[in-house]
1. Given the residues Asp308, Asp295, which is the only one that is of a type outside the set (A, V, I, L, M, F, W, C), outside any strand (DSSP E or B) and free of Cβ contacts under 8 Å to residues at least 60 places away in the same chain?
2. Quick check, is Thr234 over 26 Å from Leu323 (Cβ atoms) and either of a type in the set (Ser, Thr, Tyr) or in contact (Cβ under 8 Å) with a residue 60 or more places away in the chain (or both)?
3. Can you name every residue in region 336-354 that is outside any strand (DSSP E or B) and crowded, with 16+ Cβ neighbours inside 10 Å?
4. Please enumerate the residues belonging to region 129-159 that are among the small types (Gly, Ala, Ser) and either surrounded by 19 or more Cβ atoms within 10 Å (Cβ to Cβ) or free of Cβ contacts under 8 Å to residues at least 40 places away in the same chain (or both).
5. Here are some residues: Arg222, Arg210. Which one is basic (Lys, Arg), under 27 Å from Phe294 (Cβ atoms) and out of contact with any strand residue (DSSP E or B) (no Cβ under 9 Å at 6 or more places or on another chain)?
6. Suppose the filter is surrounded by fewer than 14 Cβ atoms within 10 Å (Cβ to Cβ) and assigned to a helix (DSSP H, G or I); does Asp272 pass it?
7. With a cut-off of at least 2 residues that are at pLDDT 95 or above and not assigned by TED's automatic domain parsing to the domain that holds Pro236, name the helices (runs of 4 or more DSSP H) lying wholly within region 38-144.
8. Being over 27 Å from Leu179 (Cβ atoms) and surrounded by 15 or more Cβ atoms within 10 Å (Cβ to Cβ) is the requirement here; does Gly109 meet it?
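The values are calculated or read from the model by the stated rules, or taken from the named source; none is laboratory data. What you are looking at is a predicted structure, and each value in this text was computed from that prediction instead of being measured. Cβ placement follows ideal geometry from the backbone for every residue including glycine, while neighbour counts extend to all protein chains displayed.
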Amino acid sequence: MSYSFESADRAFKDGQIRDLSHHAQGMRFLKLRSLSRKEHLNRIIADHDLQIPEGRPAARLKDLFESDITDEQIDATIRAIFSEERARRAVSEGPLITELYRMQIFDWGGLHQNSLEKTIVDNYVKKIRGFDELQARVDDELFHSMKSYVLCSWYNHWTSIIIEDVFRDHPAVLPAVGLIKQVDFFVRGVPYDLKVTYLPEGFIKECRKRDGQREEALLLKRFCRQHNIHFDNTLPAARLLEDLWSKVTDYPGDEARALINDLKSQRMSILDHAKNNPVELITWLYENQGVRRFDASNRLFLVLVDCDNFFESWKLKRAKPLLVDNIHRHLDNATNAGYNLSFAWEGATYNTTSDVVFVTHQR
């Protein structure tokens, strides 16, 4: 099919990014859409001496789409804008990474992304009637939770920029220089939304069950009970697993060491299986996404795994040389721009294009 500007714009607003990317006119729209900010529109018009009248950005974007500008000219302006912006970021990147290395604990403090206001309203505004109690709990609880929330958000923001730049620095990648929903960059002509994650605990749990192994938490709890090691069973599941793992790791004796080594070995086998069967992990990630964030857009998953301490994989988000080595090697060696796959969600079947890059570290 061939897209007009109006039909491409409708498809874009309906989230049909993958469909657009399968057609030359659709890709033309997506690239120009990433240049829809006023300064970017002025830049591409000036770069190629186009006769586009002044007006609202939407009208100028339409005129650009319908003009004689070539795809090569669009790409050239995108790369030029990115190169200039990248040069400015590069000046402060080293000191920024040094600051990121000062972050030693990653804990949201009980305040989760996208639900900050709801958490405050539900647990403080609507629950507490007394002013003194409210003030005391804000001072004792909320202040520390807010501090943790801000620190984690800060860390995620700046490491995301660094990671995106690692991808966009590769010659196979065309950046999306402006904010465009569901598209961070194009890899060999495929638009991708980058998602940074870790080897999911839920995926590990399912793999263990498939292989006839008991849950890690159950094995660790049993060890703790047998050796009178206290643990707080009311902790959230992910936090409890980390707590149990740490306590058993620190317990002296061959039995504790053997249990931890066994669990590590099984995790490494699951990781190797995921590397050799990437579509299985990708499908799991799509099918287990949260309701609030659901979409079937093309996603490129960056999976970070610290093989010595799985619970500190978040630290790899700032390990730029390691990121460059793994990400660029993947892009150099990729024989295609991703996998075409189907996944099921809420009773419906969706088609998408996706890829996964593993960054693993073992000291």
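1. Values: Asp295 fails: free of Cβ contacts under 8 Å to residues at least 60 places away in the same chain.
Every option except Asp308 fails the conditions.
2. yes
3. Ala337, Gly338
4. Scanning region 129-159 gives Gly130, Ala136, Ser145.
5. Arg210
6. On the way: surrounded by fewer than 14 Cβ atoms within 10 Å (Cβ to Cβ): yes; assigned to a helix (DSSP H, G or I): yes.
Yes: the conditions hold for Asp272.
7. The qualifying helices (runs of 4 or more DSSP H) are 38-47, 57-65, 71-100.
8. Values: over 27 Å from Leu179 (Cβ atoms): yes; surrounded by 15 or more Cβ atoms within 10 Å (Cβ to Cβ): yes.
Here the answer is yes, as Gly109 does meet what is asked.
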